[in-house]
Each structure stands twice: as structure tokens, then as C-alpha cells.
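The values are calculated or read from the model by the stated rules, or taken from the named source; none is laboratory data. Predicted model, so just to flag it, every value in this text is computed and none were measured. Here the Cβ positions follow ideal geometry from the backbone for every residue, glycine too, while neighbour counts run over all protein chains shown. Side chains included, ligands, DNA and RNA excluded: accessible areas come from the protein's heavy atoms. Shrake-Rupley method; radii C 1.70, N 1.55, O 1.52, S 1.80 Å.
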Amino acid sequence: MENCLFCKIIAGEIPSEKVYEDDEVLAFKDINPMAPIHILIIPKKHIDGADKLDESNTAVVAKIFAVASRLAKELKLDNGFRIVTNVGSDGGQTVRHLHFHLLGGAKLKTELC
Ligand code: 5GP
Ligand code: ZN
């Protein structure tokens, strides 16, 4: 999608530190990490956010969770990790392309607001 930051990252127009890629999913390091490990996992096909998911496009979410689990093992997040998706302005979504934050490598805080 035009003018979408993450679509530009997928297209290689904006550089990123990729940690996983296949036909449907890309994972790359967050530019402003909130934890020692902070990876963004995104579908290559543009979806605005979790509010735009329905029966027709949720299969990629299962794939994203499988990628998250695989990366967590590779990165030895054996004590646990967190997967977060922010939705819309109240949810704190700043990039309107569905993405899941994989956070770990430290004991994470639990405050949500
Ligand atoms: P949101 O706030 O929408 O849930 O998450 C967007 C995330 O994208 C933020 O954590 C932010 O640091 C990250 N981000 C924004 N611009 C870039 C960029 O150009 N490259 C990378 N790797 N991450 C970015
Ligand atoms: Zn996009």
C-alpha cells in the first residue's frame, strides 16, 4: 500500500534488520527497542490492523504466532516473552499496518495504561 512505512520496508525501499522472512511474513528489529529483544512481525500483505481482521485474512496471524514461537526459541527467550498488537489511536498504534511486537530478554513491566 502506498505511503505505508511497513510496506516500504517489505519492498526494501526502507532498510531494516531482518530476522525472518518467508512468502507471507517478515520479522525485523524495532528501530526503538522497548526491551532487550524487540522484534516486529508483520504480514507481507497489507492489513491496517487487528480491527480489519476477519475470516478471510486471519490465517496469516496463526503463521505470525508460529514465527514468534520459532524466533523466541532461536533467541533463547526461555523464561518467557510477550506478544503485543496495538490497535488504533486509543490502542497506541502508530503504524497502520498490522504488526505484532515480540518483546523479551528481561522481566517485562505489566502496566498497560
Ligand atoms: P506501534 O506503536 O504502531 O504499535 O508500533 C510501531 C513500531 O514501529 C514502534 O515500536 C516503532 O519503534 C517502530 N518503527 C517505526 N518506524 C520504524 C522504522 O522505520 N523501522 C523499524 N525497524 N521500526 C520502526
Ligand atoms: Zn502496509
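One residue is enough: does segment 71-86 have a residue meeting the conditions among the small types (Gly, Ala, Ser) and open to solvent by less than 40 Å² (accessible area, probe 1.4 Å)? Scanning segment 71-86, I find at least one residue that is among the small types (Gly, Ala, Ser) and open to solvent by less than 40 Å² (accessible area, probe 1.4 Å), so the answer is yes. Among the conditions (1) away from ligand 2 (no atom under 14 Å from the Cβ); (2) without any contact (Cβ under 8 Å) to a residue 12 or more places away in the chain; (3) of a type in the set (Asp, Glu), residue 13 misses just one, which is (1). Checked against (1) away from ligand 1 (no atom under 12 Å from the Cβ); (2) touching a Lys or Arg at 6+ places or on another chain (Cβ under 8 Å), residue 74 meets all criteria but (2). Any residue that is assigned to a strand (DSSP E or B) and out of contact with any helix residue (DSSP H, G or I) (no Cβ under 6 Å at 6 or more places or on another chain) - is there at least one of those in segment 31-38? Yes, the conditions are met somewhere in segment 31-38. Exactly one residue out of 65, 6 is part of a helix (DSSP H, G or I) and within 13 Å of ligand 2 (Cβ to nearest atom), and it is 6. Of the candidates 90, 30, the single residue that is within 13 Å of ligand 1 (Cβ to nearest atom), under 13 Å from the mean Cα position of the chain (by Cα) and acidic (Asp, Glu) is 30.
Scanning segment 29-70 for residues that are open to solvent by 90 Å² or more (accessible area, probe 1.4 Å) and in contact (Cβ under 8 Å) with a residue 40 or more places away in the chain yields 34, 36, 52, 70. Kindly indicate which of 42, 47 is within 16 Å of ligand 2 (Cβ to nearest atom) and in a strand (DSSP E or B). Selected residue: 42, the only one of 42, 47 that is within 16 Å of ligand 2 (Cβ to nearest atom) and in a strand (DSSP E or B).
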